[in-house]
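One structure is given here, and the rest of the page talks about it.
Every read-out reported here was derived from the displayed coordinates using simple, explicitly stated rules and does not represent laboratory data. If you're wondering where the values come from, they're calculated on a predicted model, not measured in any experiment. Using ideal geometry, Cβ is built from the backbone for each residue, glycine included, and neighbour counts are taken over all protein chains shown.
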Amino acid sequence: MNVTFDLGQTGSAVQLLLLITLLSFVPAILIMMTSFTRIIVVLSFVRSALGTQQLPPTQVIIGLSLFLTFFVMMPTFSTINSDAIQPYLNNEISQEEAWDNAEKPLREFMFKQTREKDLELFVSLSSTPRPTTYGDIPTHVLIPAFVISELKTAFQMGFAIFIPFMIIDMIVASTLLSMGMMMLPPMMISLPFKILLFVLVDGWYLLVESLVGSFR
């Protein structure tokens with residue numbers, strides 16, 4: 001019995017396997033290589049600062065974070081689609097060229113949001129030769145540097161959000177203490193005032209404006 005192998009079919013099977021493997025990394029790429037991390041951390045800080053526990057629900061926070069991420073990343077995604085996905089689907093470029101073309105816009109976005117100090121940290125930890133240009137920095141070094149930069153920025157924004165609500169908590173607690181109402185939880189009294197303040201200043205508008213503007 002003669003067994004023959006079709007190299008074309010074998011190559012297609014390998015490409016399909018690589019594509020499936022790549023799709024399994026899409027959630028990690030969406031979380032770690034886009035604006036998602038900063039947005040969801042800041043929104044979580046807002047909920048903690050308000051003290052509303054599970055309001056807004058976690059599903060709403062994640063959903064809003066995803067849509068804001070798509071909004072912020074749309075120019076990058078459009079470039080990837082026009083320079084990598086569409087040419088590859090039309091058999092105009094190879095798989096390696098498509099990967100390089102897709103990686104380039106993401107690297108540009110991450111470099112804009114990454115602090116040089118964080119880049120220097122991971123370059124030194126990776127023991128790679130000192131780069132002379134950004135193009136010399138490997139992607140596996142850039143990604144963790146980008147993530148910790150995003151976390152630092154998110155915590156800075158979260159701290160600024162906490163300050164006015166913390167002041168309200170302190171005023172309410174001091175007032176209750178001076179009135180001798182030590183058994184009454186301050187959070188029960190301060191919560192309506194914090195919600196009122198957030199609504200009066202149009203908090204969601206200011207928050208989204210600051211978040212999106214921080215990526216410009």
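Tabulated values for the structure
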| item | result |
| --- | --- |
| Helix-only CD estimate at 222 nm, as mean residue ellipticity for the chain, using -39500 (n - 2.57) per DSSP H run (n ≥ 4) | -25000 deg cm²/dmol |
| Environment charge at VAL72 (Cβ cut-off 15 Å; Lys +1, Arg +1, Asp -1, Glu -1) | 0 |
| Highest average packing first - 106-118, 39-51, 124-136, 78-90, Cβ atoms within 10 Å | 39-51, 106-118, 78-90, 124-136 |
| Derived scalar couplings ³J(HN,Hα) [segment 188-196; Karplus, 6.51 cos²θ - 1.76 cosθ + 1.60; whole Hz; x for Gly, Pro] | 5, 8, 6, 4, x, 5, 5, 5, 4 |
| Karplus (6.51, -1.76, 1.60) ³J(HN,Hα), θ = phi - 60°, over segment 83-89, in Hz, Gly and Pro reported as x | 9, 10, 5, 5, x, 5, 5 |
| Sequence-distant residues sharing a close amide H with ILE93 (under 5 Å, placed H) | TYR88 |
| Part-to-part distance (alpha-carbon centres) for segment 66-106 and segment 146-175, which is given in Å | 36 Å |
| Hull shadow area, averaged, segment 48-171 [alpha-carbon convex hull, nm²] | 10.8 nm² |
| For the chain, alpha-carbon Rg relative to the globular expectation (2.2 N^0.38 Å, N residues) | 1.41 |
| Student exercise, segment 77-216 dipole from Lys, Arg, Asp, Glu Cβ charges, in Debye to nearest 20 | 660 debye |
| Spherically averaged projected area in nm², based on the convex hull that wraps the Cα atoms of segment 53-112 | 5.4 nm² |
| Computed over the chain: relative contact order in percent, which uses C-alpha pairs under 8 Å that are six or more apart | 24 percent |
| Cut-off 11 Å between beta-carbons: net charge of the residues surrounding ASP100, Lys and Arg +1, Asp and Glu -1 | -2 |
| Counted charge near ILE148, where neighbours are those whose Cβ lies closer than 9 Å (Asp, Glu -1; Lys, Arg +1) | 0 |
| Where N is the number of residues in segment 129-216, Cα Rg divided by 2.2 N^0.38 Å | 1.72 |
